[in-house]
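Taking it in order: structure first as structure tokens, then the write-up.
The values are calculated or read from the model by the stated rules, or taken from the named source; none is laboratory data. Given the structure is predicted, the values throughout are model-derived calculations rather than measurements. With ideal geometry, Cβ positions are generated from the backbone for all residues, glycine too; neighbour counts draw on all protein chains shown.
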Amino acid sequence: MADLNGLTLFQAVKKRLNWLGQRQEVLAQNIANADTPKYRSKDLKPYNFQELIRRESAQLNMVASGPNHLPGQRKRIRDFAEDTERKPFETAPAGNSVVLEEQMAKVGETGANFKMTTSLYTKHLGMFRTALGGR
């Protein structure tokens, strides 16, 4: 089968899975530090698909068809930033802002999104196999 990594659709799915994996790590870190004094819970900035598409389309390289043309530069998308600017509903007397119920809800939401994204990825691969005459 051909290499599908170059297709924008599959790149977007990979970035979404990467974001979900990074978010699970941040949430797990929050849960692990639930009793650490003065620990502030963290989360990643929301995954904005429209912003990703806008940045991807802005990164297309221009073709230099003449000797006086500039080739342009390709910009790299940075890793996902952490969002620490949040106002927790509860803060422990020791200054800890981790609410386990909130963190577990986010873990469940992230897991469901991961499952949905992998399912979409599998379905798209199946459509390519069908289009190419495979099963």
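Among the residues of segment 1-21, those that are buried (at least 16 other Cβ atoms within 10 Å of the Cβ) and modelled with pLDDT of 85 or more comprise VAL13, LYS15, ARG16, TRP19, LEU20.
Within segment 50-62, none of the residues are under 17 Å from the mean Cα position of the chain (by Cα) and at pLDDT 70 or above.
Scanning segment 112-128 for residues that are free of Cβ contacts under 8 Å to residues at least 24 places away in the same chain and over 11 Å from VAL13 (Cα atoms) turns up ALA112, LYS115, LYS123, GLY126, MET127. In the set (1) out of contact with any Lys or Arg (no Cβ under 7 Å at 6 or more places or on another chain); (2) within 24 Å of GLN22 (Cβ to Cβ); (3) modelled with pLDDT of 85 or more; (4) surrounded by 12 or more Cβ atoms within 10 Å (Cβ to Cβ), GLY126 fails one condition alone, (2). If only residues of segment 73-109 that are of a type in the set (Gly, Ala, Ser) and in a loop (DSSP other than H, G, I, E, B) are counted, the one that is modelled with the highest pLDDT is SER97. For segment 28-46, a residue qualifies if it is outside any helix (DSSP H, G or I), surrounded by fewer than 16 Cβ atoms within 10 Å (Cβ to Cβ) and in contact with a helix residue (DSSP H, G or I) (Cβ under 8 Å, 6 or more places away or on another chain), and exactly one does: ALA34.
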